[in-house]
Each structure stands twice: as structure tokens, then as C-alpha cells.
1. Across segment 206-257, how many lysine pairs separated by 8 or more positions, or lying on different chains, have Cα atoms within less than 29 Å?
2. Through the Karplus equation 6.51 cos²θ - 1.76 cosθ + 1.60, θ set to phi - 60°, convert the phi angles of segment 168-178 into ³J(HN,Hα) values in whole Hz; use x for Gly and Pro.
3. Around residue 245, what is the net charge, scoring Lys/Arg as +1 and Asp/Glu as -1 over all other residues with Cβ under 10 Å from its Cβ?
4. Once amide H atoms are placed 1.01 Å from N in the peptide plane, what residues at a sequence separation of 5 or more from residue 168, or on another chain, have their amide H within under 5 Å of its amide H?
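Derivation of every value follows stated rules applied to the coordinates shown; laboratory data play no part. Everything quoted here is computed from the prediction, not taken from an experiment. Note that each Cβ is placed from the backbone with ideal geometry, even for glycine, and that neighbours are counted across all protein chains shown.
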Amino acid sequence: MKKRGWRFLGLFLACVMLLAAVSGCGGESETGDKPTIVVGSKTFTEALLLGQMTYEYLKELGYDVEDQIGLGELAIIRPALESGEISCYWEYTGTVLINVMEEEPSFDEAACFQAVKEWDEGNDIIWLDYAPLNNTYAIMIRGDLAEEYNIKKTSDFVALIEDGVSFKFVGAQEWVERPDGLQHWENVYGFKYPEKDMNLAALNMGYEILKEKQADAGLAFTTDPRVKAYELVALEDDKSAFPVYNAAPLFRKEIIDAYPEIPEQMKKLSQLLDDETIMELNKAVDVDKKMVEEVAREFLKENGLIE
């Protein structure tokens, strides 16, 4: 009986040790006891691309990451970041300034970024360096007219209008009525658009109308892939008449505290993303019908950020 008792005791202790070892292995992330980085994003194409690139890049760097890409728009994803449901996502400076902080629009990239960065420090949210891409309004013109009149900047376009050249413009009702819309644009550039040449349509219909040559110019978003796909030209806003919406990665403070090297690593990605680049990536998904994951990985590989 003694031998049998000792045998059972030995077996029991061995099982306890085995269970402890298995439990310890299952609860530990690839980065030891440091937190998993849960990557979220909004649901439109550009946001999905930014989220996917961040996920793939951080994974390549060896971080323990979790995919929550496409979680939801501002009303969902912002609370998710604040509560810790996710660790990071890409946001636009002007969106937080206007919709979260309830401040007036900003027309200065650096000032807008500094304002949202300082405000969110109180929420334990860290804004990393913003990308050159600025997803805001722009004046677009048909490519054939841009070439004919050598139009590159909004000032070029305005000068031609003041000289009597007629450009049929398609705008949106909301933009015409907003204080930071048509009236602000006219005030900044010091002119008045001829009423006879101003027409209104749903915001997203302007691209189609210009494509069919039923208008000459209109209101665009700077990173919309249809600008390139329809051979339109988004003019440089050389007097900064449109609010700024630079994209930047937001991380919870505890993640940056745990991984202080992330800001410099993410900067290598952010600095690659200007309007032209993100427009091409959006076009690859929305026009060329490639998968978001495929486009994101191709871009990262081409730029040496993943193998």
C-alpha cells in the first residue's frame, strides 16, 4: 500500500506540474508579459488599407498583434480605443478637432495636429507623427482642360475665372451652405464664382458628371481614386482654403510605454503616405478590384517594410 500511495502521489504531482507549464505557455504572448497590440480601423477603403498595413508591419516587426480591422466608424472605434478594446487605429486630425473636441475647423496642419495631440494626452491616447496625406476637399478639373490652360494650382484656376474664362462647376449643397465651404473658399482666394456657372449635385456625383464632360470643374476629396481613374486633376490648394484632415496613427499610452520604439518604426510607414500614394492604393482596391490585404502587403514589400 505504501508503494502504491507513493506512486499515486508522484503521478498527481507530475500532472500538477504539467498543467502549470501548459497554463503558463498559453497565457504568455510572443513578447513575454507585454500587451498584445489590437489593431483596429474604420470601414471605408482608405481606413482599411491603413489598418491592414499597420497590422502587417507590426506583425513583421515581431509584435504580438490582433486584427480588429474594419471595426466601425467614429462613434464605435473612438470609444473602443478609449476603453482599451483596441490598442490603435488611424484617425484624421480634423475629425477629432471638429467632431470630438467640437472646435472650429483648422486650416493649418501643424497647429491642428498639436491641438488634438495635446488634448488626447489627457485621455492616455498618443498621436504619432501624422502622414503627408490630407484627406480633405480640393477643386478638381478635367484633365484635358488642366492641360489646355496649364492649370496646376487653385490660384491658376481662379485667375482664369477672373479673366473671363467660363468653367461650369459642380458643387454640393452642403458645401455651398457651410461657413467653411464655398464662401470661405471665395474669401481666401479673393473672388466670387459666377452664379451662372455654379451647379449643385450630390457630393459623390461630381466625379461622374465630370467624367461624362457635363461639367468642367467640381469639388473633390484629395485622396478619392476616381480623380485618377477618370483622368481628373485635383488642384493644389496653394492658399490653404480647405480644412486639414491629416491621417495619423493613434495608440493607447500603455502600448507606447511598453514598446517605446513604435513611434520611430511607425514613422517609416507614415512618411511614405502622401495624397498621390494613398490615391493609387485606394484605386487598386476600388477601381482595380484587388483585395485590401493584397494591396497592403504589396505596398509594404515594395517599400522594404516587410519581407
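1. Close lysine pairs under the 29 Å cut-off: 5.
2. Calculated HN-Hα couplings, in order: 6, 10, 10, x, 10, 4, 4, 5, 5, 8, 5 Hz.
3. Summing Lys/Arg as +1 and Asp/Glu as -1 gives -2.
4. Residues meeting the amide H criterion: 216, 217.
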